[in-house]
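Down below is the structure, laid out as structure tokens.
The values are calculated or read from the model by the stated rules, or taken from the named source; none is laboratory data. Remember, predicted model here, so these are calculated numbers, not experimental data. A quick note on method: Cβ atoms are made from the backbone with ideal geometry, for glycine too, and the neighbour counts reach across all protein chains shown.
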Amino acid sequence: MGSHPQDQEFKFPLDLGAPPGSLEGRAPPIDNGLDVPDPSRYYTPEFMAKECQQLWPRVWILAAVTADIREPGDFTLYEHGHEEFIVARQDDGSIKSFYNSCPHRGNRVCQTDRGTVDSFTCPFHSWKFGCDGKLQEIVDKETFNAKLVGHRPGLSEVRTEVLAGLVFINMDGNAPPLKEWMGLPEGYLEAYEMDTMNLVRHTRSEWKSNWKTGVDIFYESYHLPHVHPQTQGSIEEFSQVDLYKNGFGRMIMWFGIKSHRHEVEDERELDEGVKIMLRDAGIDPDFYDGKVHETRRDIQVAKRERAKRLGIGSADRLTDGQLSDGWITGLFPNVQMGMHAEGVFIMRFVPHATDPERFYYDNILLYRHVDDPNYDVPTWMAMPDGLDLTGETRPEIERWPSGEEPGIGPVLMQDYEAVEHIQRGLRSRGFKGPLWGEQEARIRHFHRELDRYLDGEK
Amino acid sequence: MTAHRRPVARLADLPVDSNKAYKLDGHSVLLCHTKSGIFAVDNRCTHQLATLEGGRMRGNHLFCPKHGARFDLRDGSTVGTLAKAPIRTYEVFLEGEDILVDLSGADASMESKKP
């Protein structure tokens, strides 16, 4: 593998040259054909209803991260379409999930995003349930006929499994075991040790498009120089694209280097974005004497040395590429994770309860706290000041009223604005369906898998 | 000012990570001992008026044991969307092993003053 695009013929498809079979290695190609799907999948209530019946109940859905519910009694809610789930840590350390619906009259039993409790009391008539979902108390029980409540109705449980610090639920209970269903190579998620990171920020904003329009824009880096031109000096937009089984996929994005498309007039003139990334790695850009094509490699070396000095053991288990790059990882159907040595950005594309042209964009930021004055949060993570990085205080979910611009940082705002225009355009009578190219292979792979659920193949 | 300080409990009665309610002038006041100090607040949740005693604590936060409403013990402010109004806080002092509460000051800084 060359250290920079200009050291080799730089073209797509990109192959970083890592050994086949390794986590970084290029996955064997999958032929998903060249079909052009009907764009109605992005806006009709009929297609949305089909997803509600045939997709969501049958897949594993990311409902929580273990970092958010570390101790017995800790719980968090996950709202998905018209459903809502309570995900709670049990006394024995396991995790259970329940529909957040009181068996008495259906009221939402728990009405706060997260917390820690001994029991859940429904605010309507104070029926009380343990963290294990079991009924503990019916107020005025003697006024109920035993035929109605003799079976001691508790909260309805949802099948729950945990992998690599991620908590998944499966509504119909018939999905294959999570590990079998997970399309990523064995050890891929575990390598980042997400269970030892802290959840430091969680935002939920309403975006004006179908949830799949959201998935699609984040599933390719083809749009980077056009929607996010400011990233050209510090991120390479040609990615290694890997397709895995069951609709999963990954793209490796090089961070800390000028894009191959970005003109280099002076090989010692560094982009401001790269300077920031050098500084984040502990290199003073004012005294840096490397050339533009050496920055990514030097960032890797600096991070490796710093990790050794500070005793950050997790870095030993990551490749050099993982220290500098983003492994942008898609979990079918509605999650994409930007995986980095310092932290993981989890993006969840959550369908709206009733409107196929709205979705909720969840951004959950996991961060590995390093308690050392010589270690700072990477600037590009765009974390607002004042966040508790230690894991001591669990943050509330930040929300914005519908229509109000969310405070999610300038790069994500560019995507936020873009999806509205995409959504409006793909409804046009003149639009015949998406023409996905090779850089967009992950999108085709995702839709192909979606169709397997909706067509009854899966 | 010191006339309003009332001895309420002994330190030994209130281990770290516990809370206990005391009746003071007809007021139910909750003493909360967290790792960062001792705090005194009204023992009544502003969400649905449940007693807060027995609620779990994390960092500087207290969770109502009934519906999970969350409050910052330092100033009584709400965290999250469930409770709309803050809980009242009282200033806490330590004299030797005695925990004293000043019932007159409701809005002053509530960080406990450890010797």
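Can you confirm whether the range A:85-107 contains a residue that is among the basic types (Lys, Arg) and part of a loop (DSSP other than H, G, I, E, B)? Yes, the range A:85-107 contains a residue that is among the basic types (Lys, Arg) and part of a loop (DSSP other than H, G, I, E, B). Note on the range A:397-420: residues that are surrounded by fewer than 16 Cβ atoms within 10 Å (Cβ to Cβ), within 14 Å of chain B (Cβ to nearest Cβ) and in contact (Cβ under 8 Å) with a residue 12 or more places away in the chain amount to 2. Every condition in (1) in contact with a Gly (Cβ under 8 Å, 6 or more places away or on another chain); (2) surrounded by 15 or more Cβ atoms within 10 Å (Cβ to Cβ) is met by A:Glu272 except one, and the failing one is (2). Scanning the range A:293-337 for residues that are without any contact (Cβ under 8 Å) to a residue 40 or more places away in the chain, closer than 27 Å to A:Gln232 by Cβ and either over 25 Å from the mean Cα position of the chain (by Cα) or not in a helix (DSSP H, G or I) (or both) turns up A:Thr295, A:Asp298, A:Val301, A:Ala302, A:Arg304, A:Met337.
Applying a threshold of 8 Å to beta carbon distances and a minimum spacing of six or more residues, or different chains, the list of pairs starting in the range A:165-179 at a residue that is exposed (fewer than 11 other Cβ atoms within 10 Å of the Cβ) and ending at one that is at pLDDT 95 or above and in a helix (DSSP H, G or I) reads A:Asn174/A:Arg58. Strands (runs of 3 or more DSSP E) fully within the range B:1-109 that include at least 3 residues being closer than 29 Å to A:Asn107 by Cα and either modelled with pLDDT of 95 or more or within 14 Å of chain A (Cβ to nearest Cβ) (or both): B:61-63, B:70-72.
So that you can scan it fast, the table gives a plain yes or no per residue for (1) charged (D, E, K, R); (2) touching a helix residue (DSSP H, G or I) at 6+ places or on another chain (Cβ under 8 Å); (3) at pLDDT below 95:
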site: A:Glu206; (1), (2), (3): yes, no, no
site: A:Thr213; (1), (2), (3): no, yes, no
site: A:Gly249; (1), (2), (3): no, yes, no
site: A:Phe255; (1), (2), (3): no, yes, yes
site: A:Glu265; (1), (2), (3): yes, no, yes
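Comparison of A:Ile86, A:Ile95 shows that the only residue that is within 20 Å of B:His47 (Cβ to Cβ) and either touching a strand residue (DSSP E or B) at 6+ places or on another chain (Cβ under 9 Å) or within 14 Å of chain B (Cβ to nearest Cβ) (or both) is A:Ile86. Restricting the search to helices (runs of 4 or more DSSP H) fully inside the range A:111-219 and requiring at least 2 residues that are more than 17 Å from the chain's Cα centre (by Cα) and either more than 17 Å from A:Thr329 (Cβ to Cβ) or more than 14 Å from chain B (Cβ to nearest Cβ) (or both) gives A:146-149, A:178-181.
Once the range A:98-110 is narrowed to residues that are within 14 Å of chain B (Cβ to nearest Cβ) and surrounded by 18 or more Cβ atoms within 10 Å (Cβ to Cβ), the residue that is farthest from A:Glu206 (Cα to Cα) is A:Cys102.
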